[in-house]
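The values are calculated or read from the model by the stated rules, or taken from the named source; none is laboratory data. This structure is a prediction, so every number in the text was calculated from the model and none was measured. All Cβ positions, even for glycine, are placed from backbone atoms using ideal geometry, and neighbour counts span all protein chains on display.
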Amino acid sequence: MAHGLLIKNEDNEVLIDSDYIHYHFLGKYTHSSVTQVPDVSGGGDANVDAGGNSPNENKGMQNMPSKGEIYVYSVPVNGANPPMCFIKPTSTGSSAPFTGIVLTKQSGTNWEIRVFQSTVTSASPVLYCFSPLSQVSTTTASGDDYGFKTFNSSGVVTFDSRFKPLRAVGGGNITSPGLAHTGSTGSGWTVSLSVNASSVSTSFTSQSSASDLIYYCPSLAHACQQYTHEEDDSGIFDWESYAWARGDIWWCFYRSCFRIASTSSFEANYGVYARGHIYEHKGDTTSVFAGLILGALTGGAYFAAILATLVAAGSFTGANVDGGNYLPYENSYRNTSGNAFIISKASYYD
Amino acid sequence: MTKQAGWKIVSTEINEGVYLLTIEMISVDPCSYNEELHEQLHNELIAHTHRTETSSGLFTFDHNPTTAEVEQAVTERGFNPVLQDVDRGIIVMYGHGNLDVDENNSVTRKTNAIKTITEGEDDVLEYNFNLHNTEFMNLYSMLPISVDRMPTSMSLKGDWLHLYYVNAEHAPPEQFFTDSFFLYSVRIHKDTGEIKRKGYDKGMTLDEETVDSLQGFDTLENIVATGTYLDEPRVTIYHMKSSDKEDYVNNVSTVEIPYYGTTFENGVIVRVREYLRNI
């Protein structure tokens, strides 16, 4: 550093670097709408009573875990740099819902931020957003003519104490759980895909009040798990030949999300972001039918076809979410490690 | 079309050191039929099943598991390659028809005749054309008239030869019936050739007014079939012996579970018969 200013704390951590574009408080935002990913649900029934013992139960979303909700925010910041948005959660502690930013997207002169919360609550998370000074209104009030200001080598203001620079009080890295659901995923026609993974916890510098804390931690990890079940039968019943087959697939797509568990503890887990259940159920009263269908209801090709049909039918119309089947992969997880988080305080900016 | 019982790994992924195995588990009906019997079951429309169940689930290991470890894991998850009885309104296995299964899950056909017990009368056996051909033909030879269609089974109650018609299409024996029923019986007096007919429907088919006219009808529970006499002011209500699970009647035709038939004439009970398999 041939010129400029570099201020460090006693741990040799950089607090202010005049070469660095520091983020300043942009504003506090409440959501403009709330939505959920619609269920992908459906199937086909054809002569399902053949044989008298054909299973008809649970063809909807029975026993599926509840979905979280998605809060949509519109942050007015016209610039190429996305705002850094901290979440003020609806509550803190070991029973609090998990929350995480799942989308940051420029939309005209605004940035659209989507926050996913693992459970539905009456209260809503609030965003505290920060941007480079170039994207923050720097209108000063009368008397606002003192403080501390830095410039980079091009003469651009990089830090100005008058415009509430971002103050981090803690941070670190957190790893999300691998699978969202561990153990059996179902039995017969009863699915079991609720989030039961243990939360992963990491500590940060202890603060005086958990409810005052806000955090920045985008949701990077996701998991997708499924359960399939098929039954078929053929033979003679009630003096008639019969054959039937039913094949089902249930799945959940989980997104990682976070919570302030205490004044010094940050936790990660999953919420159900999207879910689906499709099936095909066919029967007939001829034994010839058995050979035609028993091999057809299993395998990805069949389910892929019916999924495409359901999505093409416009199941997402008006839901304000991107269409798709939300079944990106089978029984796995992605991006669980190295999720950076920053802790700050709402009271600095209220 | 037959599936093999067992499990198989359908996908394996190593994710951050974790082995993610998606495993398909197949449970099947353990019963085996010899080819001749199986063909016979289908030809004679004797109830039996070929049920299979297939589930897939995710299993995780911190190492590449051995076959024994996978076997243990699926077993601990509750997998059983042999299908167990599941209550879905009918018994999954051998619930219908005259089938029996031995300790090796080998299925054989029981040949016990249907027996009718009526208080004050001799017990009567019903002989099936296929299963009791000698006895059946003895009765058939007693018929004083010719019949166009060979009945499924026959019995002799007093002076009356009873002819039963059971077929998959429920098609009426046109010599005697024009209306369709689920089952048909024709009584022919062995000496005079007089004919009386009865058609059977599943469940209760009488209207409310008729039901109200039947003496003691409200004591009957779990009605499984209604027998309508075409030539007499009679009706027979077939009902389970009790509401207990072991008395549940799935199929009135095969008489695998004993049940009663209460016959009313002009609204008054004239007899109660028990139907069961002869032991």
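For the stretch B:6-32, which positions are part of a loop (DSSP other than H, G, I, E, B) and either surrounded by fewer than 19 Cβ atoms within 10 Å (Cβ to Cβ) or of a type in the set (S, T, N, Q) (or both)? Before the answer, list the steps.
Residues of the stretch B:6-32 part of a loop (DSSP other than H, G, I, E, B): B:16-17, B:29-31.
Once the filter is applied, which keeps residues that are part of a loop (DSSP other than H, G, I, E, B) and either surrounded by fewer than 19 Cβ atoms within 10 Å (Cβ to Cβ) or of a type in the set (S, T, N, Q) (or both), the stretch B:6-32 yields B:Glu16, B:Gly17, B:Pro30.
With the condition kept exactly as written, say whether any residue in the stretch A:108-118 is closer than 22 Å to A:Tyr254 by Cα, of a type in the set (S, T, N, Q) and either free of Cβ contacts under 8 Å to residues at least 60 places away in the same chain or crowded, with 16+ Cβ neighbours inside 10 Å (or both).
Step one: of the stretch A:108-118, the residues closer than 22 Å to A:Tyr254 by Cα are A:112-118.
Imposing the further condition that a residue be of a type in the set (S, T, N, Q) reduces the set to A:117-118.
This time we only want the ones that are either free of Cβ contacts under 8 Å to residues at least 60 places away in the same chain or crowded, with 16+ Cβ neighbours inside 10 Å (or both), so: A:117-118.
Yes: one or more hits.
Filter the stretch A:161-194 down to the residues that are assigned to a loop (DSSP other than H, G, I, E, B), more than 27 Å from B:Ser27 (Cβ to Cβ) and touching a Ser or Thr at 6+ places or on another chain (Cβ under 8 Å) and list them by number.
A:Leu166, A:Arg167, A:Ala168, A:Val169, A:Thr175, A:Ser176, A:Pro177, A:Gly178
Can you tell me which residues in the stretch B:2-32 are facing chain A (nearest Cβ under 9 Å) and at positive phi?
Across the stretch B:2-32, the qualifying residue is only B:Glu16.
Taking the stated definitions as given, is A:Tyr71 of a type in the set (Phe, Trp, Tyr), under 30 Å from A:Gly276 (Cα atoms) and either in contact with a Ser or Thr (Cβ under 9 Å, 6 or more places away or on another chain) or away from chain B (no Cβ under 14 Å) (or both)? Walk me through it before giving the result.
Working: of a type in the set (Phe, Trp, Tyr): yes; under 30 Å from A:Gly276 (Cα atoms): yes; either in contact with a Ser or Thr (Cβ under 9 Å, 6 or more places away or on another chain) or away from chain B (no Cβ under 14 Å) (or both): yes.
Yes.
Going by the structure shown, is B:Asp100 assigned to a strand (DSSP E or B), of a type outside the set (Phe, Trp, Tyr), surrounded by fewer than 20 Cβ atoms within 10 Å (Cβ to Cβ) and modelled with pLDDT under 75? Spell out how you get there, then give the answer.
Values: assigned to a strand (DSSP E or B): yes; of a type outside the set (Phe, Trp, Tyr): yes; surrounded by fewer than 20 Cβ atoms within 10 Å (Cβ to Cβ): yes; modelled with pLDDT under 75: yes.
Judged against the criteria, B:Asp100 is a match.
One residue is enough: does the stretch B:215-236 have a residue meeting the conditions part of a loop (DSSP other than H, G, I, E, B) and on the phi > 0 side of the Ramachandran plot?
Here is the first cut: in the stretch B:215-236, the ones part of a loop (DSSP other than H, G, I, E, B) are B:215-216, B:220-222, B:230-233.
With the extra rule that they be on the phi > 0 side of the Ramachandran plot, the set shrinks to B:216, B:222.
Within the stretch B:215-236 (the criterion being part of a loop (DSSP other than H, G, I, E, B) and on the phi > 0 side of the Ramachandran plot), the answer is yes, since at least one residue qualifies.
Could you tell me whether any residue of the stretch A:237-255 is aromatic (Phe, Trp, Tyr), at pLDDT below 95 and assigned to a loop (DSSP other than H, G, I, E, B)?
Scanning the stretch A:237-255 turns up at least one residue that is aromatic (Phe, Trp, Tyr), at pLDDT below 95 and assigned to a loop (DSSP other than H, G, I, E, B).
Within the stretch A:236-267, can you find the residues that are touching a strand residue (DSSP E or B) at 6+ places or on another chain (Cβ under 6 Å), farther than 30 Å from A:Tyr279 by Cβ and not hydrophobic (A, V, I, L, M, F, W, C)?
A:Arg259, A:Ser264, A:Ser265, A:Glu267
Looking at B:Leu183, B:Leu214, B:Leu139, B:Leu143 in this structure, which one is in the same structural domain as B:Gly261 (by TED's automatic domain parsing) and without any contact (Cβ under 8 Å) to a residue 40 or more places away in the chain? Even if it seems obvious, please write down each step before you answer.
Numbers: B:Leu183 fails: without any contact (Cβ under 8 Å) to a residue 40 or more places away in the chain; B:Leu214 fails: without any contact (Cβ under 8 Å) to a residue 40 or more places away in the chain; B:Leu143 fails: without any contact (Cβ under 8 Å) to a residue 40 or more places away in the chain.
So the residue among B:Leu183, B:Leu214, B:Leu139, B:Leu143 that is in the same structural domain as B:Gly261 (by TED's automatic domain parsing) and without any contact (Cβ under 8 Å) to a residue 40 or more places away in the chain is B:Leu139.
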